[in-house]
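Novice: Here it is: the structure, laid out below.
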Amino acid sequence: MAWYARQEAGPKPTGKPDKGSKVPSEGLWSRCDGCKEVILRREVEKNLHVCPRCGFHHRLTGRARLLATLDPDTFEERDALMESDDPLSFKDSKRYKDRIKSTQKSVGEKDAFVWGLGALGGREVAAGAFDFAFQGGSMGSVVGEKIARMLDAALEHKAPCLLFSSSGGARMQEGILSLMQMAKTCGALSAYREAGQPYISILTDPTTGGVAASFAMLGDVIIAEPKALIGFAGQRVIEQTIRQKLPEGFQRSEFLLAKGQVDMVVPRTQLRERLITVISLMGG
């Protein structure tokens with residue numbers, strides 16, 4: 001009896017998907033959402049999930065952003081167990097409580113924002129990042145509270161504060177309680193600024209809604225990733241309101257840089273060193 005059976009080898013990867021085929025994103029290969037080329041997964045991961053061929057910036061989890069930016073083995077997470085309640089007993093096609101539990105299970109985070117203390121270039125910093133995979137990075141009561149606590153900790157430690165935004169805006173299931181976080185976070189930011197330490201806001205794709213309308217656009221220095229979508233209302237809503245066609249590239253990082261709304265557009269692979277330089281120049 002044979003202990004194994006020979007199987008015919010399938011076609012070798014060509015680097016391009018067959019027409020109409022769906023290339024899986026698991027295993028050795030992944031397909032770039034920008035150029036649609038099939039690339040070795042380890043090459044993309046080594047390049048911080050930036051396509052080595054076209055430069056497309058794939059989304060990162062909030063935790064991955066922090067670990068890629070801060071000095072190795074220095075990140076100490078705070079408020080890791082904080083999670084959303086359901087103050088309005090909200091229900092659409094599914095109960096809000098059930099949505100939260102389902103998202104926590106699939107994403108592996110308690111909510112859409114992760115923060116903690118760490119070091120960058122040997123300098124202590126407070127740093128936090130949104131995770132767009134958690135309900136579109138929406139800002140509810142927990143997110144607002146975490147950001148306020150991060151700013152309070154930065155104030156206490158007299159440390160620079162880094163905030164990576166990636167959000168669709170306020171979390172509708174928490175209604176006015178979500179919108180209140182805009183004022184709450186801006187109030188905490190105002191108190192923090194009295195310490196004279198830099199607050200650096202890093203805008204990633206996408207940064208929209210109530211997040212863009214509050215702390216995300218209030219950085220002492222505002223840095224954006226290439227081609228990130230940044231704005232309050234969507235392009236279609238704006239065009240329907242003003243009844244005009246918006247210019248090419250509207251609400252993208254490069255457009256905002258040209259209009260003076262952000263200070264610089266920095267590729268992810270260069271961001272860590274740029275942040276170290278900015279903090280040093282600002283006296284942090």
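Novice: Looking at the stretch 245-284 only, could you name the residues that are small (Gly, Ala, Ser) and under 16 Å from the mean Cα position of the chain (by Cα)?
Specialist: Ser253
Novice: Might you let me know whether the stretch 187-210 holds any residue that is closer than 20 Å to Leu81 by Cα and surrounded by fewer than 21 Cβ atoms within 10 Å (Cβ to Cβ)?
Specialist: Of the stretch 187-210, the ones closer than 20 Å to Leu81 by Cα are none.
No, that holds for no residue.
Novice: Would you list the helices (runs of 4 or more DSSP H) that sit entirely within the stretch 183-284 and hold 1 or more residues that are β-branched (Val, Ile, Thr) and closer than 20 Å to Ala68 by Cβ?
Specialist: So the answer is 268-281.
Novice: Could you list, in sequence order, the residues of the stretch 173-208 that are under 27 Å from Arg95 (Cα atoms) and in contact (Cβ under 8 Å) with a residue 60 or more places away in the chain?
Specialist: Correct list: Gln173, Glu174, Gly175, Leu177, Pro206.
Novice: Then there is this: So which residues in the stretch 214-225 are over 13 Å from the mean Cα position of the chain (by Cα) and touching a residue at least 40 places away in the same chain (Cβ under 8 Å)?
Specialist: Residues satisfying the conditions are Phe215, Met217, Gly219, Asp220, Val221, Ile222.
Novice: Where in the stretch 73-149 are there strands (runs of 3 or more DSSP E), lying fully within it, with 2 or more residues that are surrounded by 15 or more Cβ atoms within 10 Å (Cβ to Cβ) and in contact (Cβ under 8 Å) with a residue 12 or more places away in the chain?
Specialist: 113-120, 123-130
Novice: Yes or no: Arg268 buried (at least 18 other Cβ atoms within 10 Å of the Cβ), out of contact with any Gly (no Cβ under 9 Å at 6 or more places or on another chain) and either modelled with pLDDT under 95 or among the basic types (Lys, Arg) (or both)?
Specialist: When the stated conditions are applied, Arg268 passes them.
The values are calculated or read from the model by the stated rules, or taken from the named source; none is laboratory data. Fair warning: this is a prediction, and the values are worked out from it, not measured in the lab. Counting neighbours? That spans all protein chains shown, and the Cβs are built from the backbone with ideal geometry, glycine included.
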